[in-house]
Structures are given as structure tokens and as C-alpha cells.
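Participant: A single structure is presented below for examination.
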Amino acid sequence: MNKITIYIGPKNGFDRLLTKEGVTNDQIVTLSMLIKESDIESREYRIRTEDSAPIEKEPLYVENLVVFSDEYSSVREHVILNFDGFINAFNIDNLYLQNPPEIIIGKIENTYSNFSLEKYSYPKLTEKRIQTIFKTFDTNIIGQENAKNCIMRSLVPLLNNKQSKPVVLLFFGSSGVGKTETAKFIAKTLGGKLFRKQLSMFQNNDFATYLFGGHHYEKSFAKDLQERETNVVLLDEFDKASTYFHSAFYQLFDEGVFEDKNYSVQIEQSVIICTSNYLSLDEVRKHLGEPIFSRFNSCIHFDNLSIDSVVKIINNTIDDELRKVDKKYLKSVNRGKIFEQLNPHLDFLKNARSIRSIVRDLISNMILNQILSEQD
């Protein structure tokens, strides 16, 4: 084998690596294709040799065997456990592996000396990006000046390229005040799609398998981490997960390392954001417990929305919706009438998601009235 490359990172980075290596789609044999070809060869061999002596045959030639990360879960376990023996049955020039399980990495390291390890280069926090976050924060996140200042201070340690440990933040406060939107905003500014896991969805034993690892073909948090496109990790509604699972995150929060039965993932110079609906720091400490609480670098409170913030969100939502509306319906949308209907209720509008939903409904209703009034 001429070349073996183990690649750790998302598919878009792996595709770029293949392009850089000059490997085109018509030069690729995937693991699934090779297994299918191997099965056909095996059946033909058995048929040919039933009534005759064994036939010597040259190993199948493969110029580029490319194994994408989603393929490991689609093959039988014996292929994973005997991966080195499986590929040795073929004449392979170049082998490219994306996010292989640890057992395959170990077999490659023990069997071959001519392998290289390539890792995806995640965008790093720079002074310029710090400045961009500060300048554009208030435009994107309404009414959270105090949270902004805390976040800015918390991100500064990542400017030191010598620190590999992640910055771990807990956002707490009422629902719908901008915690998740802030995580999205930070990820967008740093570059890449936010890696988000909704922990409220995991309330049973399936979550234990997802966190601690199960069979190689099952989904896992570690496998998903390797596929991320950004170094901003959001564990949304962290408070909804059972405290039983908190131990799974200790090493990740402390060292930026997450390990399960099949994978070991390092996330260096990352931002890990956990959100919760706790209303006070005492409540956070009481319900989450000291072992996980002590691992947060900062616990950042998000304030309830003021009347001024509610008015800004209403105006921003109207502007956003008008950009989507066909020109012929613009005359039906009356900003003054929207505020006329909402003014008596401004004190009770405290959730940005609800505000946006209400404004969209009012705009839709105005457009609908225009459409119905124009009927023949």
C-alpha cells in the first residue's frame, strides 16, 4: 500500500482533502462497494471450485479506497474487528479513512508505518473576531448587555493558542430571552454551522448508549462530535438531562476530550455552551450539583426582556417578514396597526419566540384579508 491517510473531521473537509490529493469520484472505491464486490467474488469462487481444484487469482486492484465516516455503521462487525485482514485481501494503492473507530486506528498503527493523521482545522478565535462579536452583538441579540460583557470576558483565554482546554459556559435565565440565539450568533461569527444537541430529547436508556457508546453501528455523541463543522458546541437545555449523565461530560469540560467505547475525540480551543432555564445562580448550583457546576468557567445570566427590548424585537420581526413578502402584499402590512394590537400586552410579552410568532400571525392575517378582499 502506497499511502494511508486517517482524517479526523467533517465531510466537507474530507472532500477538500481528496480534491487536494487529486482523487476524483471516478477513481474512488468505497468500503460498501468493496464489500459488495468481495461478496460477489466469494460466491463465484465457491461455484467455480465446487467440482474442481481451487483456482489461484490475483487480488482485486483498488487505486483509491475511500471510507466515509457513515460507512462504518453499515458494515458487519467482523469487518471492523478484522479491518487489517480485510483490506490486506486486496491490492490497494491508497487508503483514505474518515473518522474511523479507535479499533481501526489501532490496527492501522500496529500494521503499517506509512500512515499519516490529518485533522480538520477549525476557525480560531482572533482579536478581529472578538471585535466583530462585540460590535454586532446588540444587533443580533436584543436586551442582553450584561450577558454580552460576561461572554466577551469569558472568550479572551481562547486568544492564547497554547490553551487547548475549552471555555465552558452556562447560560441561564427565562425561556426565550436569547440564550440559544447567542450560541448560534457566536458560531456564525467564528465560522461554521453550530454543533447543537438538544438534551431535553434524551430521557431514557437510549441516551446512555448515545453518550457512552454502544455497537459500532449505533449513533453516538463522540461520532457526532467528530463530524462537527465548528468549534462552538451547544448542549441545549442541559438542565433537562438527568444528573446521572453529567459524568460523561467531566473530561470534555476539563480537557476537551470525549471518549466512549468506539471513539476518542479531542476538541481544542472550543467554546462549549450549556443552556438552562434556571433563574438564579443558587438554583443552578442546587439542581446541577457541585461536580458539574465547578466545571463551568462562567455562569452567565440572561435578563428578562424589557419593554424597549420587546419593541425592538417586534420591529425587527416586521422588517424580517417584510423582506419575505411579495411586493403586491406589502400595502396590506401596517406596522402601526400591529403595535396598536400589541401595545396593551407589552408587559406580558417576555419570550422572543412567542413575540415573533405573534407578529408573523398578525402579518399573515393582514395579507390574508387583502387576498380575500380582492375576490371576484
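Participant: Of (1) of a type in the set (D, E, K, R); (2) over 19 Å from residue 238 (Cβ atoms); (3) open to solvent by 40 Å² or more (accessible area, probe 1.4 Å), residue 148 satisfies all except one. Which?
Facilitator: Result: residue 148 passes all but (3).
Participant: Output the residues belonging to segment 231-249 that are of a type in the set (Phe, Trp, Tyr) and open to solvent by 10 Å² or more (accessible area, probe 1.4 Å).
Facilitator: Hits for segment 231-249 are 244, 245.
Participant: For segment 181-192, state whether one or more residues are touching a helix residue (DSSP H, G or I) at 6+ places or on another chain (Cβ under 9 Å), modelled with pLDDT under 85 and either within 27 Å of residue 102 (Cβ to Cβ) or not β-branched (Val, Ile, Thr) (or both).
Facilitator: yes
Participant: Just checking: which of the strands (runs of 3 or more DSSP E) contained wholly in segment 14-103 hold 3 or more residues that are modelled with pLDDT of 90 or more?
Facilitator: In segment 14-103, 61-67, 91-98 are the strands (runs of 3 or more DSSP E) which contain 3 or more residues that are modelled with pLDDT of 90 or more.
Participant: Taking helices (runs of 4 or more DSSP H) that do not extend beyond segment 303-376, which have at least 1 residues that are in contact (Cβ under 8 Å) with a residue 12 or more places away in the chain and acidic (Asp, Glu)?
Facilitator: 307-324
Participant: I would also like to ask the following. I need every pair where a residue in segment 154-178 that is more than 15 Å from residue 235 (Cα to Cα) has its Cβ under 7 Å from the Cβ of a residue that is in a helix (DSSP H, G or I) and of a type in the set (Asp, Glu), sequence separation at least 6 or different chains.
Facilitator: Close Cβ pairs satisfying both conditions: 159/127; 165/255.
Participant: Condition first: surrounded by fewer than 19 Cβ atoms within 10 Å (Cβ to Cβ), acidic (Asp, Glu), at pLDDT 90 or above and closer than 21 Å to residue 235 by Cα. Can you find one or more residues in segment 256-269 that meet it?
Facilitator: Checked against the condition, which is being surrounded by fewer than 19 Cβ atoms within 10 Å (Cβ to Cβ), acidic (Asp, Glu), at pLDDT 90 or above and closer than 21 Å to residue 235 by Cα, segment 256-269 yields at least one hit.
Participant: Right, here's the next one. Looking only at segment 191-208, decide whether some residue is buried (at least 19 other Cβ atoms within 10 Å of the Cβ) and among the hydroxyl-bearing types (Ser, Thr, Tyr).
Facilitator: Checked against the condition, which is being buried (at least 19 other Cβ atoms within 10 Å of the Cβ) and among the hydroxyl-bearing types (Ser, Thr, Tyr), segment 191-208 yields no hits at all.
Participant: Could you check segment 270-288 and list, in sequence order, the residues that are under 14 Å from residue 300 (Cβ atoms), among the polar types (S, T, N, Q) and surrounded by 21 or more Cβ atoms within 10 Å (Cβ to Cβ)?
Facilitator: Within segment 270-288, 275, 276 qualify.
Participant: A further question follows. Look through segment 68-84, keep the residues that are of a type in the set (Phe, Trp, Tyr) and more than 11 Å from residue 216 (Cα to Cα), and return whichever of them is most open to solvent (accessible area, probe 1.4 Å).
Facilitator: Applying the filter and picking the extreme gives 68.
Participant: Are any residues in segment 323-334 touching a Leu at 6+ places or on another chain (Cβ under 9 Å) and open to solvent by 50 Å² or more (accessible area, probe 1.4 Å), and if so, which ones?
Facilitator: 330
The values are calculated or read from the model by the stated rules, or taken from the named source; none is laboratory data. Everything numeric here is computed off the predicted structure, so don't read it as measured data. Note that we place each Cβ from the backbone using ideal geometry, even for glycine, and neighbour counts take in every protein chain shown. Areas reflect the complete protein model, heavy atoms only, side chains present, ligands, DNA and RNA absent. Shrake-Rupley method; radii C 1.70, N 1.55, O 1.52, S 1.80 Å.
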